[in-house]
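J.: Sharing a structure, written as structure tokens. Questions coming.
The values are calculated or read from the model by the stated rules, or taken from the named source; none is laboratory data. In this text the structure is predicted, and so the values were computed from the model without any measurement. No Cβ is skipped: glycine too gets one built from the backbone with ideal geometry, and neighbour counts run over all protein chains shown. The area values use the complete protein model at the heavy-atom level, side chains included, leaving out ligands, DNA and RNA. Shrake-Rupley method; radii C 1.70, N 1.55, O 1.52, S 1.80 Å.
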Amino acid sequence: MKGASKFVLVMTVLVLLLAEAHISLAATCSPVQLSPCLGAIRSSSPPSKLCCSKIKQQKPCLCQYLKNPTLKKYVNSPGAKKVARSCGVPYPRWIEVLLT
């Protein structure tokens with residue numbers, strides 16, 4: 001690989017990593033943002049589009065919520081996992097292992 005093309009590849013990877021970091025930092029962790037999901041979490045009703053949007057925004061905050069004893073029981077509930085799956089936000093398998 002020539003020097004110039006190697007430089008372009010390295011710069012592209014760096015830009016992608018910085019963009020990912022920026023997206024993660026952009027999330028304002030606020031469990032109140034998930035209030036549109038409460039009905040779907042507590043029942044068998046499907047989540048709304050607003051709920052799914054909020055879950056996707058709050059995904060980077062999941063670990064923080066699981067460390068909070070008050071929030072953990074909701075975030076780790078079967079209903080919350082069902083809603084996350086329905087919204088296309090996979091529940092991280094490593095978190096389930098740590099919590100058992």
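J.: Six or more apart or on different chains, Cβ atoms under 8 Å: show the pairs whose first residue is in the range 56-74 and in contact (Cβ under 8 Å) with a residue 24 or more places away in the chain and whose second is exposed (fewer than 15 other Cβ atoms within 10 Å of the Cβ) and among the basic types (Lys, Arg).
T.: If the second residue must be exposed (fewer than 15 other Cβ atoms within 10 Å of the Cβ) and among the basic types (Lys, Arg), the pairs left are Tyr65/Lys72; Leu66/Lys72.
J.: In the range 47-63, which residues are over 11 Å from the mean Cα position of the chain (by Cα) and either farther than 17 Å from Arg85 by Cβ or open to solvent by 70 Å² or more (accessible area, probe 1.4 Å) (or both)?
T.: Lys49, Leu50
J.: A further question on this structure: Being modelled with pLDDT of 85 or more, touching a helix residue (DSSP H, G or I) at 6+ places or on another chain (Cβ under 9 Å) and not polar (S, T, N, Q), is that true of even one residue in the range 8-23?
T.: No: the range 8-23 contains no residue that is modelled with pLDDT of 85 or more, touching a helix residue (DSSP H, G or I) at 6+ places or on another chain (Cβ under 9 Å) and not polar (S, T, N, Q).
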